[in-house]
Structure formats: structure tokens, C-alpha cells
Protein chains: 2
Amino acid sequence: MEDVAARAGVSRALVSIVFRGAVGASEGTRERVLAAAADLGYQPDRRASRLGRTRTRMLGVVFGVGHAFHGDLIDSLYAAAAVSDYEVVLSGVTPRRSEEEAVRALLAERCEGIVLVGSALPSPALSELAGRLPTVSVLRDVRVEGVDVVRTDDAEGLRQAVTHLHGLGHRRIVHADGGRAPGAAQRRRGYRSAVRRLGLPPMPLLPGGLTEEDGARAAAVLLGLPPGEGPTAVTAFNDRCALGFVDAVRRAGLKVPEQLSVVGFDDIRAASYAHIALTTVRQDADALGRLAIERAASRLDGGEPPGNPVVVAPALVVRATTGAPR
Amino acid sequence: MEDVAARAGVSRALVSIVFRGAVGASEGTRERVLAAAADLGYQPDRRASRLGRTRTRMLGVVFGVGHAFHGDLIDSLYAAAAVSDYEVVLSGVTPRRSEEEAVRALLAERCEGIVLVGSALPSPALSELAGRLPTVSVLRDVRVEGVDVVRTDDAEGLRQAVTHLHGLGHRRIVHADGGRAPGAAQRRRGYRSAVRRLGLPPMPLLPGGLTEEDGARAAAVLLGLPPGEGPTAVTAFNDRCALGFVDAVRRAGLKVPEQLSVVGFDDIRAASYAHIALTTVRQDADALGRLAIERAASRLDGGEPPGNPVVVAPALVVRATTGAPR
DNA sequence: CACTGTAACTGGAGCGCTCTAGTCGCGCGC
DNA sequence: GCGCGCGACTAGAGCGCTCCAGTTACAGTG
């Protein structure tokens with residue numbers, strides 16, 4: 001920086017002004033500084049810049065690496081943060097790196113706020129975290145003082161799925177459950193309330209989960225049911241579960257959607273592939289990411305208390321795995 | 001830090017020593033400092049620590065968020081970096097965030113080395129990058145001065161796949177190509193050399209790609225072939241492609257493996273699910289990650305020039321999508 | 001018992017920025 | 001012609017650490 005200043009014939013402070021895009025530098029000087037920096041291959045050091053600044057303007061994001069839907073969300077978070085002039089710092093959760101560790105790393109960086117994607121942190125930990133800095137939980141609904149929640153209206157999504165199936169003429173609709181996964185409880189609730197409201201026969205849940213394998217397991221349970229007792233349609237916890245489920249029942253000789261209709265949840269990219277064409281409930285990754293950043297930013301800048309949990313509306317996407325029961 | 005020092009009745013320098021785990025603090029003092037820090041909820045600021053230090057000991061990692069195999073690799077990178085006492089800094093590539101941008105962010109952080117996972121950067125950019133700091137390309141083979149490459153022996157993987165199929169009695173084996181994806185050229189080459197060596201009839205490539213959709217497209221091409229001209233076995237560019245392919249041909253009524261055998265590449269988690277049970281060529285994510293870190297670390301610390309491209313042996317995993325031709 | 005070596009600890013100068021409180025010209029209004 | 005305001009620019013004190021050069025205390029040595 002010193003060198004750039006010398007080369008441009010100005011003070012270090014001026015170089016700083018130019019690189020921060022702050023006011024107080026004439027157009028000519030600005031150009032000279034930029035030219036000098038280019039000649040010298042100078043690029044400001046963000047570490048130092050953050051140290052000197054009062055605010056770091058960093059938002060930490062904890063996510064599961066390799067999770068398709070988390071990836072979609074990260075894309076949206078990066079974009080939204082750029083708009084609010086925040087910088088996102090990624091901290092991944094992997095089989096060998098726990099969420100606690102991921103959070104700790106972000107705290108040591110002095111992030112100003114933290115976004116947890118599909119967090120599995122226990123409430124006390126969340127509560128402590130929220131006491132230290134603005135915390136927003138995306139996808140997972142938590143009732144913890146100080147933690148902002150941004151999520152899809154999971155219950156509504158399942159209501160839409162069930163209503164769609166009911167509209168096609170299905171009456172025996174079963175839900176492949178997500179267990180303790182984020183959003184699973186709400187989806188369960190949405191399924192039950194829709195079934196009740198539409199006057200459909202209540203049916204036991206199928207044990208599901210969030211992977212294809214869980215879906216296949218649910219399929220095995222369904223296939224083991226006495227004939228005539230099985231459902232004509234299934235709502236799955238998520239797309240991966242639905243995909244595994246469809247694959248397994250087809251393998252067993254059932255035709256989808258002719259003999260069994262299936263609805264997923266998320267609308268991951270694979271769901272839209274022509275050969276899969278899964279009917280599913282779409283989560284709006286873009287809105288979720290944007291709102292998460294806005295939540296954190298408003299706590300940080302605005303000061304006005306963010307309202308209740310932010311709930312994003314899901315949208316049913318009808319493709320080729322649902323149809324009228326035979 | 002000042003406060004912690006005061007509370008423990010020592011100097012700031014001593015607190016620093018304790019937190020860095022450096023020598024020069026008695027056991028008693030160490031405990032007192034730690035206790036004081038705990039009372040005050042103090043945690044050292046990494047930004048400042050990195051600034052003060054001569055070395056940042058940060059390794060930047062550029063990866064595609066949401067890519068299943070990249071996720072496996074990140075896990076391994078985190079683990080390996082911890083061993084060498086380096087810190088990994090993630091920078092994701094998403095539809096809206098280019099690889100160039102991801103790299104730029106890491107440079108501004110003053111990473112000491114950079115690991116590119118499945119990079120698509122053009123050679124000149126790689127070359128320039130390698131000129132600035134140790135650069136290692138994982139998965140993608142590049143012939144650029146100064147860039148270390150850590151990859152799977154893709155050609156060998158395909159040789160194993162073809163040999164396995166040949167051993168089962170297949171003669172008409174076709175490859176669903178990966179186009180310009182990292183590793184695709186080598187896999188193509190491995191396929192061709194194996195076919196030649198085993199004296200099998202050369203067959204035109206199937207246009208594939210790296211997603212399920214590409215696999216399904218390859219399946220469509222295969223299904224359009226005149227009967228008798230089609231292959232009895234297919235090697236796919238990767239698992240996702242293989243999965244899409246299997247799904248599509250089954251949908252068309254073909255039985256896998258009875259009428260058509262299929263081999264994937266990568267061994268992503270989904271490949272091992274019981275209901276999928278894809279025969280595939282396993283890439284050793286753990287070894288790849290470890291070697292990538294070692295490469296960078298040896299350039300940084302050792303000074304001894306790292307050797308030729310590091311090639312990790314793949315391993316065929318036989319599951320249920322391959323069998324003898326009928 | 002002076003002398004050395006060592007372990008434990010401290011002071012203070014950086015690291016590369018930011019940012020406040022200035023200084024310096026200069027055009028403008030009255 | 002004097003004061004004033006304003007834009008352009010600078011000096012220098014941080015930010016929270018690290019790390020080097022000491023200093024001190026104390027056991028060991030001849």
C-alpha cells in the first residue's frame with residue numbers, strides 16, 4: 001500500500017479511500033492510484049481491512065457440504081449478501097467436522113451474524129449463540145429466543161400435495177415421514193391436517209428419512225402391506241426420499257403414476273430432469289436465502305426488531321409422478 | 001486480551017503464548033490464563049492473529065457447492081489440513097458466482113496456497129495463479145507449469161471397468177462420454193485402450209455428461225440403435241450419469257443387469273444404497289484430499305520440489321448392475 | 001560464591017489496513 | 001478584500017494480535 005501511494009504520489013490514506021470507494025478523492029487521483037496498483041499488482045488485504053474497520057461486515061454460513069439443496073441456498077446467500085454489502089464466510093459441516101466446530105470457526109473470525117442452514121444444534125446451544133450475535137436458522141424451525149427463523153411453510157406444502165392428490169381422486173394417501181429432520185414435524189402436521197380436513201381415512205406414517213435409501217426402505221414397508229390396505233398415493237418427506245421410493249416400487253413392478261402416485265418436496269434439480277419428472281413441492285431457495293440475509297442485516301444495521309418467523313410459501317410443481325388412481 | 005491478562009495477573013504476551021500453545025508458560029500460569037479467559041468469555045481473534053503472524057497458514061479451497069463428490073473431498077481436506085496445522089478457507093462456485101470470483105476472494109484473504117477442486121479455469125489463468133502461490137488442481141489434470149495435480153488414475157479406472165465386463169463375457173461394450181468434464185478425456189482413453197488390448201470391437205461413444213439427465217440422454221441414443229447393434233454393457237462417465245442411464249433404460253423395459261450391464265465412476269454415496277447397488281469405480285476421496293494438502297504444504301514448508309502429477313489408484317466396486325450377458 | 005544457563009515472563013514494535021481530526025488551497029458572496 | 005465553506009488530501013493513532021529482544025529469578029556448576 002505504501003508503495004502504491006508512493007508511486008501515485010499520494011498518501012496511504014488516499015489509497016485506502018480509493019480502494020474503499022469512499023468519497024474524498026478526485027477522479028484524476030483515483031485513476032492514478034488504480035493505475036499504480038495495477039502496475040504493482042497490489043490488492044488490498046482483507047484481513048487487515050477488517051481489523052481496522054469497526055465492523056467486519058462478515059456473515060458466517062454453516063451448511064452441509066454436498067447437500068444439493070444447501071448448494072442452491074448458498075448460491076442465493078452469496079447473491080443476497082453482495083446486495084447488502086456483506087461478505088459471506090462459509091463453514092462446512094462434514095462427517096468429520098461437527099456443526100459446533102463449524103460455528104466455533106466462524107466466531108473466531110468475528111463474524112457479525114451467523115446463518116445456520118438446516119441446523120441440528122440443540123436449543124441451548126442456539127440460545128447461547130443468539131445471545132452473542134444475530135443468528136438465523138434457515139429451513140429448521142426453532143422456538144428459541146433471539147433466533148430468527150426463515151423457512152418454507154412446510155405444513156402448507158404438504159396440504160398442497162395432499163389436496164392435489166385428493167383432486168385427482170385419491171383417498172388413501174400416506175406420508176413417508178422425515179423423522180427428526182428439519183421441517184419433518186411441520187410436514188407431518190400439514191399432511192394430517194389436510195387429511196382430516198378433506199375427510200380422508202387416516203393412515204399410519206411410513207418410516208422415511210432424507211436420503212434415497214430411506215425412501216427405498218419406506219417402499220419396502222409399503223410393499224409389505226396386505227393388498228387392498230395400501231395407499232394409492234404417497235407424499236414423501238423430500239425429493240431424495242421420493243426418488244428412492246419411486247425407484248424401489250418400480251423395481252417391484254408397480255407403475256408410477258398408474259398404480260401409485262408420488263409427490264416429493266424441495267424441487268431439487270434432479271426432480272426436474274425429464275426422465276424423472278417428479279411432482280413435488282418447490283421450496284424457494286432464492287427467497288429463503290434473501291430473507292435470511294435480510295434478517296441478519298436488519299438486526300445488525302436496522303436495529304428494528306425482526307418480526308415473527310419468516311415463512312416462505314411453497315409451490316406445487318406438477319410433473320409426471322402423479323395421476324388419477326386406477 | 002488485555003482484560004484476560006489483567007485478570008490472570010500476567011502480560012498480554014503471556015496470554016498470546018498460552019493460546020498459541022507455544023512454549024514459555026508454566027503449567028500454573030497456563031491454567032490461570034485459561035480460567036480467566038473462560039470467565040470473560042474470551043476467544044482470540046483469528047483475523048488479528050493472522051495479521052500479526054508472518055505466515056497465515058491458510059489454504060483456500062475452491063469447490064462447486066452441492067456437488068456430492070466435492071463434499072466428500074472437502075471432508076477429507078478439512079481433516080488433512082488439521083493434521084498439517086493449516087486452516088482451510090472455503091470459497092464456493094455457484095451458478096451466479098464464477099470460479100474467477102471465488103479465487104479472487106481467496107487471494108484477498110492472503111491464503112498461502114490454493115486447492116482447486118474440479119477446476120474449469122483456463123490454462124493461462126491457472127498459470128498466473130501458480131505464479132503467485134502454490135496451486136493444486138484436484139480431479140482435473142492440467143499440464144501447466146507450477147500447478148500440482150492430484151487426481152485419480154481415470155484411465156486405469158476405465159480399464160478396470162472394461163476388464164471386469166470382459167471377464168463377465170461382454171464383448172460389445174460402449175462408453176457414455178463425459179465431454180469436457182474433468183477426467184473425461186482420460187476415461188475415454190482408458191476405455192479405448194482397454195477395448196483395443198482385449199481385442200473387442202470398437203464402438204462409437206455415447207454422448208453423456210456429468211448429470212443424471214445426461215445419462216438419460218445417452219440411454220435414449222442407445223435405445224434408438226437398431227437391434228443387434230447395441231452394446232451389452234455400458235461404462236458411464238460418472239455415477240450420476242450411470243444412475244440416470246440405468247433409470248432410463250429400465251423405464252424403457254430393459255433389465256439391468258440381465259439385458260444390459262452398467263458401470264459408473266466415483267462411488268458417490270448414492271451408488272452404495274441397497275436399492276441402487278451400482279457397480280462403479282471408486283475414487284479415493286480421502287487420499288485425494290490428503291495428497292492435495294500435502295502437495296501444497298510441501299511447497300510451502302518443505303521447499304523440496306513436489307514430483308510429477310500425483311495419481312491415485314481407483315478401485316472397482318462390484319455391486320448389482322453388472323452381470324454376464326444373456 | 002561468582003558465573004552461567006535456562007525457564008518464565010514482559011515491553012514494545014510491528015502486521016496492513018481504517019478513520020478521525022486535521023491542513024491546505026481555492027472559489028464565492030457580500 | 002475578508003471570511004467562509006468545501007473538496008482534496010495527509011498525519012497518525014488505533015484494530016488485536018505476534019514475536020523479538022530483553023529482564024528476572026533461580027537452580028546448577030566449578
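The values are calculated or read from the model by the stated rules, or taken from the named source; none is laboratory data. Quantities reported herein were computed from a predicted structural model and do not represent experimental measurements. All Cβ positions, even for glycine, are placed from backbone atoms using ideal geometry, and neighbour counts span all protein chains on display. Quick note on the areas: whole protein, heavy atoms, side chains included, nothing else; ligands and nucleic acids left out. Shrake-Rupley method; radii C 1.70, N 1.55, O 1.52, S 1.80 Å.
Structural remarks
- The set of residues in the stretch A:71-88 being open to solvent by less than 20 Å² (accessible area, probe 1.4 Å) and part of a helix (DSSP H, G or I) consists of A:G71, A:L73, A:I74, A:D75, A:S76, A:L77, A:A80, A:A81.
- Condition check for A:E112: within 16 Å of DNA strand C (Cβ to nearest atom), more than 28 Å from A:A236 (Cα to Cα) and not assigned by TED's automatic domain parsing to the domain that holds A:Q259: yes
- Residue in the stretch A:146-162 that is under 28 Å from A:R47 (Cβ atoms), open to solvent by less than 20 Å² (accessible area, probe 1.4 Å) and among the hydroxyl-bearing types (S, T, Y) present: no
- Scanning the stretch B:38-56 for residues that are more than 15 Å from DNA strand C (Cβ to nearest atom) and buried (at least 17 other Cβ atoms within 10 Å of the Cβ) turns up just one, B:Y42.
- Count of the stretch A:171-180 residues, restricted to those that are open to solvent by 20 Å² or more (accessible area, probe 1.4 Å) and either among the hydrophobic types (A, V, I, L, M, F, W, C) or over 24 Å from the mean Cα position of the chain (by Cα) (or both), is 2.
This table checks each residue for (1) in contact with a strand residue (DSSP E or B) (Cβ under 6 Å, 6 or more places away or on another chain); (2) in the same structural domain as A:L168 (by TED's automatic domain parsing); (3) open to solvent by 30 Å² or more (accessible area, probe 1.4 Å).
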position: A:P202; (1), (2), (3): no, yes, yes
position: A:E213; (1), (2), (3): no, yes, yes
position: A:V221; (1), (2), (3): yes, yes, yes
position: A:N238; (1), (2), (3): yes, yes, no
position: A:F245; (1), (2), (3): yes, yes, no
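- Matching residues, the stretch A:31-48, being assigned to a helix (DSSP H, G or I) and out of contact with any helix residue (DSSP H, G or I) (no Cβ under 8 Å at 6 or more places or on another chain): A:E31, A:A38
- Residue check for B:E128: open to solvent by 20 Å² or more (accessible area, probe 1.4 Å) and either touching a Lys or Arg at 6+ places or on another chain (Cβ under 8 Å) or not acidic (D, E) (or both): no
Residue by residue, here is whether (1) over 20 Å from A:V117 (Cβ atoms); (2) touching a residue at least 60 places away in the same chain (Cβ under 8 Å) holds:
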position: A:R151; (1), (2): no, yes
position: A:V162; (1), (2): yes, yes
position: A:D177; (1), (2): yes, yes
position: A:R187; (1), (2): no, yes
position: A:G208; (1), (2): yes, no
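- Test set (1) within 20 Å of B:A216 (Cα to Cα); (2) open to solvent by 10 Å² or more (accessible area, probe 1.4 Å); (3) aliphatic (A, V, I, L, M) - B:A324 fails condition number: (1)
- When A:V103 is tested against (1) surrounded by 16 or more Cβ atoms within 10 Å (Cβ to Cβ); (2) part of a helix (DSSP H, G or I); (3) more than 13 Å from chain B (Cβ to nearest Cβ), just one condition goes unmet, and that condition is (3).
- Exclusive hit being of a type in the set (A, V, I, L, M, F, W, C), within 26 Å of B:A219 (Cα to Cα) and modelled with pLDDT under 95, set B:A108, B:A120, B:A181: B:A181
- Scanning the stretch B:257-308 for residues being at pLDDT 90 or above, crowded, with 20+ Cβ neighbours inside 10 Å and aliphatic (A, V, I, L, M) gives a total of 12.
- Sole exception among (1) within 10 Å of DNA strand C (Cβ to nearest atom); (2) open to solvent by 20 Å² or more (accessible area, probe 1.4 Å) for A:A35, by number: (1)
- Selection within the stretch B:187-200: residues that are open to solvent by 40 Å² or more (accessible area, probe 1.4 Å) and assigned to a loop (DSSP other than H, G, I, E, B). The member of this set that is nearest to B:Q283 (Cα to Cα) is B:L198.
- Count of the stretch A:1-21 residues, restricted to those that are more than 9 Å from DNA strand D (Cβ to nearest atom) and either in a helix (DSSP H, G or I) or in contact (Cβ under 8 Å) with a residue 40 or more places away in the chain (or both), is 8.
- Flag for B:G24 being within 16 Å of DNA strand C (Cβ to nearest atom) and either open to solvent by less than 50 Å² (accessible area, probe 1.4 Å) or assigned by TED's automatic domain parsing to the domain that holds B:L129 (or both): no
- Residue satisfying all of: in the stretch A:107-143; of a type in the set (A, V, I, L, M) and part of a strand (DSSP E or B); farthest from the other protein chains (Cβ to nearest Cβ) among these: A:V136
- Taking the stretch B:37-59 as the range and being within 11 Å of chain A (Cβ to nearest Cβ) and within 30 Å of B:D75 (Cβ to Cβ) as the test, the residues that pass are B:Q43, B:P44, B:D45, B:R46, B:R47, B:A48, B:S49, B:R50, B:L51, B:R53, B:T56, B:M58.
- Candidates A:G92, A:G24, A:G66, filtered to the one that is at the interface with another protein chain (Cβ under 8 Å from one of its Cβ atoms) and either in a loop (DSSP other than H, G, I, E, B) or within 16 Å of DNA strand D (Cβ to nearest atom) (or both): A:G66
- Matching option when the condition is within 13 Å of chain B (Cβ to nearest Cβ) and more than 20 Å from the chain's Cα centre (by Cα), among A:D286, A:D266, A:D247: A:D247
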